[in-house]
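Below: one structure, written as structure tokens.
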Amino acid sequence: MQYDKVLDITLEVGYRLLENGAEVSRVEESIRRMVMAYGQSHCDVFAIPSCIIVTAPDQAGVSQTRIRRLHARETNLGRVALLNNLVRQVCSTTPTAAEIESSLKRIADSPVFGVPVQLFACALIAAAFTLFFNGTWADAAVALACGILMKLAMHALARFQTNPFFINIAGSALAASIAFFAVRLGLAGQMDKIIIGTLMNLVPGVAITTSIQDTIAGDLIAGMTKMAEAFLTATAIALGTGIALSLLRLI
């Protein structure tokens, strides 16, 4: 494979890893191993959650650099696992660029959970956590409905490319409002348990975990960035719930 193509294709694999929620240390190590598998003597990789920079010397000893900016991320650990397998395959068999591109296309086209499955999962999580926090079965039933309606609202907002911060505010406000009216109407008895159970769907657990992993691995900038992202998500949840309850109690 030509030198320029090696940098381009390995950067693309690293970009897909970062895009789907892989930790920064995994992205850097994957790119470094792939570049060196094609005979390059040295490779420097710098990645943060929004950017990847790859530098390596060419056959003449002149450093070549590639930069890729990442504007949006999601968490898809299934695709991360598939990309990890691709990285191992690249390092062991050094396939052609066309073969790697074909594998990347298959991974990109791999099925994801549809909206009905996401609604079911969100409802189940809300009901289960409500029971876990000592809520009643009536509270769990209301939380189940809360989870479905909250996910529908957030999915609709995401289709209009709304900022995730405001999506979390709207979702938590809706969940708090439904719980408030359900208790007022006598459908449930513990509003706090319903709200907490439903909002567990929004808790940024993966972001917190990967931020700690990156910090321990020495990637302090990436760790602090992801921790700040998790903090903003938690702030949005608190704001949405607090605003909704404050306004509703005036009724």
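The values are calculated or read from the model by the stated rules, or taken from the named source; none is laboratory data. Only a predicted model underlies this, so the values are computations on that prediction, with no experimental measurement involved. Reconstructed Cβ throughout: ideal geometry from the backbone, glycine too, with neighbour counts over all protein chains shown. Only protein heavy atoms, including side chains, enter the accessible area calculation; ligands, DNA and RNA are left aside. Shrake-Rupley method; radii C 1.70, N 1.55, O 1.52, S 1.80 Å.
Quick notes on this structure:
- Close pairs (9 angstrom Cβ cut-off, 6 or more residues apart or separate chains): over 18 Å from Leu157 (Cβ atoms) in the range 106-125, open to solvent by 70 Å² or more (accessible area, probe 1.4 Å) anywhere: Arg106/Leu82; Ile107/Leu82; Ser110/Leu82; Ala121/Phe113; Ala123/Leu144; Leu124/Leu144
- Looking only at the range 1-50, residues that are in a loop (DSSP other than H, G, I, E, B) and open to solvent by 70 Å² or more (accessible area, probe 1.4 Å) come to 4 in all.
- For first residues located in the range 128-139 and crowded, with 16+ Cβ neighbours inside 10 Å, partners that are among the hydrophobic types (A, V, I, L, M, F, W, C) and not in a helix (DSSP H, G or I) and lie 6+ apart or on another chain with Cβ distances below 7 Å form the pairs Phe129/Met200; Ala138/Leu187; Ala138/Ala188; Asp139/Ala188.
- Test result for Asp58, among the acidic types (Asp, Glu) and open to solvent by less than 50 Å² (accessible area, probe 1.4 Å): yes
- Number of positions in the range 168-190 that are part of a helix (DSSP H, G or I) and on the phi > 0 side of the Ramachandran plot: 0
Results for (1) within 30 Å of Leu202 (Cβ to Cβ); (2) aromatic (Phe, Trp, Tyr); (3) touching a Pro at 6+ places or on another chain (Cβ under 9 Å), shown as yes or no for each residue.
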position: Cys51; (1), (2), (3): yes, no, no
position: Pro57; (1), (2), (3): no, no, no
position: Ile67; (1), (2), (3): no, no, no
position: Leu70; (1), (2), (3): yes, no, yes
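- Hits in the range 62-91 - residues which are assigned to a helix (DSSP H, G or I), hydrophobic (A, V, I, L, M, F, W, C) and surrounded by 14 or more Cβ atoms within 10 Å (Cβ to Cβ): Val80, Leu82, Leu83, Leu86, Val87, Val90, Cys91
- Residues (in a helix (DSSP H, G or I), open to solvent by 80 Å² or more (accessible area, probe 1.4 Å) and not acidic (Asp, Glu)) located in the range 94-127: Lys105, Arg106, Pro116, Phe120, Leu124
- Residues that are closer than 30 Å to Glu29 by Cβ and of a type in the set (Asp, Glu) were ranked within the range 166-219; the one that is most open to solvent (accessible area, probe 1.4 Å) is Asp219.
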